[in-house]
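S.K.: The structure is given below, and queries will be raised subsequently.
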Amino acid sequence: MYVYVLFWTAEDCRRQRRLHDLAAAMQQRRRIAVLLHQQQRQPQQSHRKSAAFDWNQHMLRLTPDEFRARYRLDADAFYKLLQLVAADLEITDKVRACTKREGSAVCPATRLAVCLRFLAGGQVLDLKLIYQMSRFSIYACVWKGISAINKRLHIKFPIDDIAALEELERDFRAKSPYGVWAGQVGCIDGVHFSMLNPGAAVDNPKRYFVARKNECAILCIAICDAKRRFTYYDMNKAPTTHDSMAWASSPLGVKFANGELPQPFFINGDAAFSLSNSLITPSGLKELDAFDFEQSSQRMPIECAFGILVRRWGILWRDLEVRFDRRTLLIAVCMKLHNFCIDNNVPLHENVATDQASGYREVQPGRYEDMPAMDSAGRPQRMFSASLPPPRREQSRAALSPEVLRLRASRRDKLAAAILAAGLSRPPLPKGLHKKRRGSK
């Protein structure tokens, strides 16, 4: 059996290359002919005229549910907010704006919509297609809107307003059984908002890295009222700062330490904070178990407020990527819009997913917690998280005298006595669960 192997000569290679070049040239000529034929059939139209965005037409295409899902506000709340910020969103040089964009300036409603959609989690590349703007114009609308909202909406703790403090106290007392929990005007806690490494924007980027979470973050110490509206926030400390130290060094914390909060008002915090007559913390003592349950129940609004804040504004679902010096401004505007939504009775854009069979619910994107059982008055009847480790308490470097400890605990002792006199106690745990306790102080 013979096998014949054919080898190409140099002339064969050149001939094959000429055939390929000829076929490619003919295909290119056919493409050019098709394009010329289409241009002759259809007159050339200006791209500027076809790229205009009409806000009124956009509104007609959205149902009420779609509008709320897109902008996190219903139409009434949107136009109410627009009335507040419209003057700040107006374009000063309309002639220049008309020549640069489709012959018409961007209206304030569109600017506000771009800002809200960005805060709701929209990507800039998608916003360019929706609103027919350039990347530069999208960012201009976003930061113009953030600046306007921060200017018109305010968050301030009314430490000097007795009437406002009394109103805050009434809301908390109304949620307490028999009104025994009296004097509380806020809940306090800290939260981390993840972000990209600030890099060269700061002198020492490592101070913003939280090792236990393996991410860079911004620490926010916040206070809210019984309706879960934020009444104070501070983001001036590094994320590795302990919550108690971050609060003590904040402007409002200094006022509290100086006794400027009128008596008998106080705020409610977890075991990360130091006990005082103006800040009540859990005791961890067996004989004060009923007090600890009521104290933790009255502290729930701040936990819910953080969960609703993150759930509503999708920009907080991922690491913050904007310029470092603008990240706290972005978080602040989300907190102010959170209050605005509560004041205008705007619900979340979707129902929080709940798995009735497993007993878990999604309180934040990707974070599930046990679902407590409630009675007809909305009070929790079972505790599912008894197996969790106890919170860490701050240890003071210098031992405090018994007299100082007694003075700091006087407000807590009065609350505990009122709870005991009312006959309140912690609801029993489900069978098989046991509550872990810390050792006595």
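The values are calculated or read from the model by the stated rules, or taken from the named source; none is laboratory data. Only a predicted model underlies this, so the values are computations on that prediction, with no experimental measurement involved. So basically every Cβ, Gly included, is an ideal-geometry build from the backbone, and we count neighbours across all protein chains shown.
S.K.: For the subset of segment 196-207 comprising residues that are in contact with a strand residue (DSSP E or B) (Cβ under 8 Å, 6 or more places away or on another chain) and in contact (Cβ under 8 Å) with a residue 60 or more places away in the chain, which member is surrounded by the most Cβ atoms within 10 Å (Cβ to Cβ)?
M.R.: As a first pass, look at segment 196-207 and keep what is in contact with a strand residue (DSSP E or B) (Cβ under 8 Å, 6 or more places away or on another chain): 196-198, 205.
Among the residues that remain, those that are also in contact (Cβ under 8 Å) with a residue 60 or more places away in the chain are: 196, 198.
Numbers: LEU196: 15, PRO198: 20.
So the residue we want is PRO198.
S.K.: Here is a follow-up. What is the number of the single condition among (1) within 18 Å of PRO108 (Cα to Cα); (2) modelled with pLDDT under 90; (3) among the polar types (S, T, N, Q) that GLN28 does not meet?
M.R.: (1)
S.K.: Can you tell me which residue among VAL191, VAL185, VAL180, VAL210 is of a type in the set (Val, Ile, Thr) and surrounded by fewer than 17 Cβ atoms within 10 Å (Cβ to Cβ)?
M.R.: On the way: VAL191 fails: surrounded by fewer than 17 Cβ atoms within 10 Å (Cβ to Cβ); VAL185 fails: surrounded by fewer than 17 Cβ atoms within 10 Å (Cβ to Cβ); VAL180 fails: surrounded by fewer than 17 Cβ atoms within 10 Å (Cβ to Cβ).
Criteria check complete, one pass: VAL210.
S.K.: Check VAL254 against each of (1) surrounded by fewer than 21 Cβ atoms within 10 Å (Cβ to Cβ); (2) in contact (Cβ under 8 Å) with a residue 60 or more places away in the chain and name the one condition it does not meet.
M.R.: So the condition that VAL254 fails would be (2).
S.K.: I'm trying to understand the selection: among the residues of segment 38-72, which are part of a helix (DSSP H, G or I), exposed (fewer than 12 other Cβ atoms within 10 Å of the Cβ) and either within 27 Å of the chain's Cα centre (by Cα) or at pLDDT 75 or above (or both)?
M.R.: ASN56, GLN57, LEU60, PRO64, ASP65, GLU66
S.K.: Would segment 90-101 turn up any residue that is crowded, with 18+ Cβ neighbours inside 10 Å and at pLDDT below 90?
M.R.: The answer is yes, given that some residue of segment 90-101 is crowded, with 18+ Cβ neighbours inside 10 Å and at pLDDT below 90.
S.K.: Okay, next question. Within segment 209-243, can you find the residues that are outside any strand (DSSP E or B) and closer than 15 Å to VAL191 by Cβ? Reasoning before the result, please.
M.R.: The first filter runs over segment 209-243 and keeps only residues outside any strand (DSSP E or B), leaving 211-214, 225-229, 235-243.
ARG212, LYS213, ARG228, MET235, ASN236, LYS237, ALA238, PRO239, THR240, THR241, HIS242, ASP243, listed by residue number.
S.K.: Could you list, in sequence order, all residues of segment 321-345 that are farther than 21 Å from LYS151 by Cβ and in contact (Cβ under 8 Å) with a residue 60 or more places away in the chain? Spell out the reasoning first.
M.R.: First pass over segment 321-345, keeping only residues farther than 21 Å from LYS151 by Cβ: 321, 324, 345.
Listed by number, the residues that qualify are GLU321, PHE324.
S.K.: Taking LEU81 and the conditions (1) part of a loop (DSSP other than H, G, I, E, B); (2) of a type in the set (A, V, I, L, M); (3) at pLDDT 95 or above, which numbered condition does it fall short on, given that it satisfies the others?
M.R.: (1)
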